[in-house]
Amino acid sequence: PNEGYVFDYDSSQWVFNIAEAKEKKWKEIKEQRTYQEFSSFEWQGTQVQCDEVSQRRLQGAVQMAAINPSVVINWTMEDNSVVSLTAPQIIDMGTALGVHVTDTHEHGRMLRQLISDATTEAQLNLITW
């Protein structure tokens, strides 16, 4: 049977357990949220890597740009192209990363609420990333 079913030994059949199905659905959504958060995001028409290491590097670059407004940093984009970024561009890209992470988690919270509100297997099956 599908996820969320447990075997009822008293009746010798599989029965749907909404609580277990909700837990499994939330686990699935969290995995997708993590993938989304740490994959890439669009900034000025190009994709920027945002795995954990890339996020730390960008945060450091933003700090450097805030300290030295004349800094120019060569940044490797997701497609391996290299672009020279001024301090305002670096800060803008860092802001875009923050928006990406915030939006990703907001979407996850919305889906978690839908999971919490679901009362049937059909409702849970409609919830996708």
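The values are calculated or read from the model by the stated rules, or taken from the named source; none is laboratory data. Computed from a predicted model, the values in this text were never measured in an experiment. Cβ: placed from backbone, ideal geometry, glycine included. Neighbour counts: every protein chain shown. The accessibility values were calculated without ligands, DNA or RNA, using every heavy atom of the protein model including side chains. Shrake-Rupley method; radii C 1.70, N 1.55, O 1.52, S 1.80 Å.
So the values come out like this:
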item	result
Residues of the chain: accessible area per residue with a 1.4 Å probe, Å²	63 Å²
In order through region 100-105: 3J(HN,Hα) via Karplus (6.51 cos²θ - 1.76 cosθ + 1.60), integer Hz, x for Gly, Pro	4, 5, 4, 4, 4, 6
Set of aspartates and glutamates with alpha-carbon distance to LYS22 below 16 Å, sequence-local pairs under 8 removed	GLU3, GLU31, ASP117, GLU121
Accessible area in the full protein assembly, largest first, 1.4 Å probe, for LYS22, LYS30	LYS30, LYS22
Alpha-carbon gyration tensor eigenvalues x 5, square-rooted, for region 71-129, Å	40, 13, 4
Net dipole in debye of region 8-111 [+1 Lys, Arg Cβ; -1 Asp, Glu Cβ; about Cα centre; nearest 20]	260 debye
Distant alpha-carbon pairs in the chain (separation over 23 angstrom), percent	49 percent
Candidates TRP26, TRP75, TRP14, ranked by Gaussian network fluctuation over the chain, Cα under 10 Å, top entry	TRP14
Accessible-area ranking of THR76, THR119, THR46, largest first, probe 1.4 Å	THR119, THR76, THR46
Of PRO69, ALA96, PHE7, farthest towards positive along the dipole that unit charges on Lys, Arg, Asp, Glu beta carbons give the chain	PRO69
Amide N proximity, region 92-108 versus GLN32 label position 7 Å along Cα-to-Cβ, cut-off under 18 Å	101-108
Heavy-atom accessible area order for VAL83, VAL71, largest first, 1.4 Å probe	VAL83, VAL71
Degrees, to the nearest 10: 52-67 long Cα axis against longest axis of the chain	40 degrees
Share of carbon and sulfur in the accessible heavy-atom surface of the chain [1.4 Å probe, %]	51 percent
Accessible area (Å², 1.4 Å probe, nearest 10) - HIS107	60 Å²
Cα centroid of region 52-95 to Cα centroid of region 1-38, whole Å	41 Å
